[in-house]
1. Of all the residues that make up the range 68-94, how many are outside any strand (DSSP E or B) and farther than 21 Å from Gly16 by Cβ?
2. Hey, Thr97 hits all of (1) surrounded by fewer than 18 Cβ atoms within 10 Å (Cβ to Cβ); (2) within 17 Å of Ile34 (Cα to Cα) but one; which does it fall short on?
3. Hey, among Thr56, Thr107, Thr125, which residue is touching a Phe, Trp or Tyr at 6+ places or on another chain (Cβ under 9 Å) and either part of a loop (DSSP other than H, G, I, E, B) or modelled with pLDDT under 95 (or both)?
4. Out of the residues in the range 1-12 that are of a type in the set (A, V, I, L, M, F, W, C) and more than 11 Å from Ile70 (Cβ to Cβ), state the one that is nearest to the chain's Cα centre (by Cα).
5. Just give me the residues in the range 20-65 being surrounded by fewer than 17 Cβ atoms within 10 Å (Cβ to Cβ), under 21 Å from Lys9 (Cα atoms) and of a type in the set (Asp, Glu), in sequence order.
6. If I go through the range 101-128 residue by residue, how many of them are without any contact (Cβ under 8 Å) to a residue 24 or more places away in the chain and either surrounded by 18 or more Cβ atoms within 10 Å (Cβ to Cβ) or small (Gly, Ala, Ser) (or both)?
7. Are any residues in the range 1-19 in a loop (DSSP other than H, G, I, E, B) and surrounded by 16 or more Cβ atoms within 10 Å (Cβ to Cβ), and if so, which ones?
8. Between a residue in the range 13-31 that is over 12 Å from Phe68 (Cα atoms) and any residue that is outside any strand (DSSP E or B) and polar (S, T, N, Q), which pairs come within a Cβ distance under 7 Å, given they are 6 or more apart or on different chains?
Amino acid sequence: MAKITDDMKAIFGNAGIYSFATASKDGIPNVVPIGMLIPQPDGETVWVVDNFMDKTISNVKENPNAAFYIWDPKSADSYQIKGTVTVENSGDDYEKTVKYAHERKETLPAKNLLKMKITDIYYVTPGPKAGKKV
């Protein structure tokens, strides 16, 4: 199982906005900017807060595969992270994400929690390792 390392987790703090990609069951792609993407301590899971997603939620219900990348503007290190997504809108983990979102901006709706189980991580930093699995 692929895991986010501590060095990768540090990049999350520098990124700000992430491009989060999904596809419908028919393969129609969708990419959205995400501001709340939270790596979990286990290194195998990332939580995504759904504030304004429509097509993304529809897509992951049809096709749970998703991807995003992280990039550190200081070091230029970057990684593509792929996984499968489940959607929750109740329970303890969901309530934690609502609290997280409201601490950042009280008016955010925090409609759903997307839990992404990481399946693959690839280097996307230009150079000899680009495109290779971590």
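1. Pass one, the range 68-94, residues outside any strand (DSSP E or B): 72-77, 89-94.
This time we only want the ones that are farther than 21 Å from Gly16 by Cβ, so: 89-94.
Residues flagged as outside any strand (DSSP E or B) and farther than 21 Å from Gly16 by Cβ within the range 68-94 amount to 6.
2. (1)
3. Numbers: Thr56 fails: either part of a loop (DSSP other than H, G, I, E, B) or modelled with pLDDT under 95 (or both); Thr107 fails: touching a Phe, Trp or Tyr at 6+ places or on another chain (Cβ under 9 Å).
Testing whether each residue is touching a Phe, Trp or Tyr at 6+ places or on another chain (Cβ under 9 Å) and either part of a loop (DSSP other than H, G, I, E, B) or modelled with pLDDT under 95 (or both) leaves just Thr125.
4. To start, the set of residues in the range 1-12 that are of a type in the set (A, V, I, L, M, F, W, C) comprises 1-2, 4, 8, 10-12.
Still in the running and more than 11 Å from Ile70 (Cβ to Cβ): 1-2.
On the way: Met1: 17, Ala2: 14 Å.
Filtering first and then ranking leaves Ala2.
5. Correct list: Asp42, Glu44.
6. Applying the first criterion (without any contact (Cβ under 8 Å) to a residue 24 or more places away in the chain) to the range 101-128 yields 102-103, 105-107, 127-128.
If we keep only those that are either surrounded by 18 or more Cβ atoms within 10 Å (Cβ to Cβ) or small (Gly, Ala, Ser) (or both) as well, we get 127.
Residues meeting the conditions: 1.
7. Of all residues in the range 1-19, those in a loop (DSSP other than H, G, I, E, B) come to 1-5, 16-17.
Passing the criteria: Ala2, Ile4.
8. Ala23/Asn59; Ala23/Asn63; Ser24/Asn59; Ser24/Asn63; Lys25/Asn63
The values are calculated or read from the model by the stated rules, or taken from the named source; none is laboratory data. As the structure is a computational prediction, the values presented were derived from the model and not from experiment. FYI the Cβ positions are ideal-geometry reconstructions off the backbone, even for glycines, and counts take in every protein chain you see.
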